1. With each label point set 7 Å from Cα along the Cα-Cβ vector, what nm distance links THR27 and GLU135?
2. Whole-Hz Karplus ³J(HN,Hα) for the stretch 124-137, in order, using 6.51 cos²θ - 1.76 cosθ + 1.60 and θ = phi - 60°, x for Gly and Pro?
3. Taking the highest mean first, how do the peptides 29-35, 69-75, 81-87 order by number of other beta carbon atoms within 10 angstrom per residue?
4. Using the 2.2 N^0.38 Å rule of thumb for compact globular proteins, work out how the stretch 34-115 stacks up: its C-alpha Rg over that value, please.
5. Applying a 10 Å radius around every beta-carbon, put 93-103, 41-51 in order of their mean neighbour count, most first.
6. Give a residue-ordered list of calculated ³J(HN,Hα) values for the stretch 98-114 (Karplus: 6.51 cos²θ - 1.76 cosθ + 1.60, θ = phi - 60°; whole Hz; x for Gly, Pro).
Amino acid sequence: MPPVTAGALLAEPDAAAFRTAMGRFPTGVTLLTRGSGEDTIVMTLNSLTSVSLDPMLILVSVKADGRMRPRISRAGSFAVNVLSEAQRGLAQHFCRPDRSEGTEAMLRLSAEEGITGNAVLPDAEAYLECVLEAEYAAGDHTLLIGRVVALSGGRSAPDPLLFHHGRFGRLTPAAHGEDR
């Protein structure tokens, strides 16, 4: 397929064109955690969506054949930690295939065990602890719906880590103000 040019329309896009198009959509960056202590597993995730306020539900998307999905399925819970710009190094570490697990991961995160038994980061922008409500197969991924049972809104002024066009970034100071 020829390279995609600005404004081009692809009737049958390929995976590379799809990835490029989706990279134009900025997202927040989170760490998805399952377990704590020796059982800790962590992955960088930017597929977080609020689904419902009543009940409070969120959706995350993970590889169907990855390490995380079966552990969440068996345990029935997970946590999502929304990262700050200062936590960029954690996002970079936990997106690697050789990322740390277990007690080493807990120490690297400066994490605590949350009420669901999953690692939470007290210094994160926010964290959400969830019980698994449902799983849906979606191509090469599985959509996990979690019911939020505990959360923390962060302890400092917001400075979220962003991911856009294949790179980490941050909001500009002007973007931190109120809507005008």
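1. A separation of 2.0 nm, rounded to one decimal place.
2. Per-residue couplings from phi come out as 6, 4, 6, 9, 10, 9, 10, 9, 6, 8, 7, 10, 9, 5 Hz.
3. Values: 29-35: 26.6, 69-75: 15.4, 81-87: 22.3.
Highest to lowest by the protection proxy: 29-35, 81-87, 69-75.
4. Details: Rg = 13.0 Å, N = 82, 2.2 N^0.38 = 11.7 Å.
Dividing the Cα radius of gyration by 2.2 N^0.38 Å gives 1.11.
5. On the way: 93-103: 14.2, 41-51: 18.2.
Highest-to-lowest ranking by the protection proxy: 41-51, 93-103.
6. Here the 3J(HN,Hα) series is 9, 4, 6, 9, x, 4, 4, 5, 4, 5, 4, 7, 6, 8, 10, 7, x Hz.
Quick note: the coordinates plus some simple rules give every number you see, no bench work behind them. Computed from a prediction, not measured in an experiment: that's the story for all the values here. Positions of Cβ are backbone-derived with ideal geometry, glycine not excepted, and every protein chain shown enters the neighbour counts.
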